[in-house]
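Structure first, then comments.
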Amino acid sequence: MECEICGKEIRYRPVKIIVEGTELNVCSECREYGVEEVSTSVQHGITRVVKKDRKPQHSKPMVFTEELVEGFNEIIRRERQKRSWSQEDLAKKIQEKESLIRKIENAEITPEPEVIEKLERLFEVKLRERVQEVKPSPQKKLVPTLGDVVVIKKKKK
Ligand SMILES: [Zn+2]
């Protein structure tokens, strides 16, 4: 069974998660991409009670973006050369054009996610890193008291 997110072979039990309403079987590393489905066939006899009230329920799932790692083109080139493949060989293996491989390796273009995925699977390397989108925390507004309010007259030119 392969993880439906990263494509890696799942050695143990796949984790069922819900991502935007879709049920996916993923590996333990990808479980945090979605909401874990609560299994109804929970083994009884386990005395440990896991309370899931540590975090407040988010109305929206966490937002993650995938970003290409720095020097991804170098990684691709290195992995290809390790295997003594030409750019053409690599292109054939992932069913892309040789010119695309050349451009990727020269960092002339940012490859499509599908291409990245194919390369990741082929080389068994990670070319992307998950970045959690950081939302700016609302700044505390200092509410001025009446005495602090200074009216600045705008100079009109
Ligand atoms: Zn995975």
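Need the failing condition index for Pro113 against (1) closer than 26 Å to Tyr33 by Cβ; (2) open to solvent by less than 60 Å² (accessible area, probe 1.4 Å), just the number.
With respect to (1) closer than 26 Å to Tyr33 by Cβ; (2) open to solvent by less than 60 Å² (accessible area, probe 1.4 Å), Pro113 is out only on (2).
Which of the residues spanning region 71-98 are part of a helix (DSSP H, G or I), open to solvent by less than 90 Å² (accessible area, probe 1.4 Å) and not charged (D, E, K, R)? Break it down into steps so the answer makes sense when it comes.
Here is the first cut: in region 71-98, the residues part of a helix (DSSP H, G or I) are 72-82, 87-93, 98.
Now drop any that are not open to solvent by less than 90 Å² (accessible area, probe 1.4 Å), which leaves 72-73, 75-77, 79-80, 87-91, 98.
The answer is Phe72, Asn73, Ile75, Ile76, Gln87, Leu90, Ala91.
Tell me, please, whether a residue that is aliphatic (A, V, I, L, M), at pLDDT below 95 and in contact with a Ser or Thr (Cβ under 7 Å, 6 or more places away or on another chain) can be found in region 64-73.
We begin by selecting, within region 64-73, every residue aliphatic (A, V, I, L, M); these are 68-69.
Still in the running and at pLDDT below 95: 68-69.
With the extra rule that they be in contact with a Ser or Thr (Cβ under 7 Å, 6 or more places away or on another chain), the set shrinks to 68.
Within region 64-73, one or more residues are aliphatic (A, V, I, L, M), at pLDDT below 95 and in contact with a Ser or Thr (Cβ under 7 Å, 6 or more places away or on another chain).
The values are calculated or read from the model by the stated rules, or taken from the named source; none is laboratory data. Quick caveat: nothing in here was measured; it's all calculated off a predicted structure. Using ideal geometry, Cβ is built from the backbone for each residue, glycine included, and neighbour counts are taken over all protein chains shown. Surface areas here come from the heavy atoms of the whole protein model, side chains and all, with no ligands, DNA or RNA. Shrake-Rupley method; radii C 1.70, N 1.55, O 1.52, S 1.80 Å.
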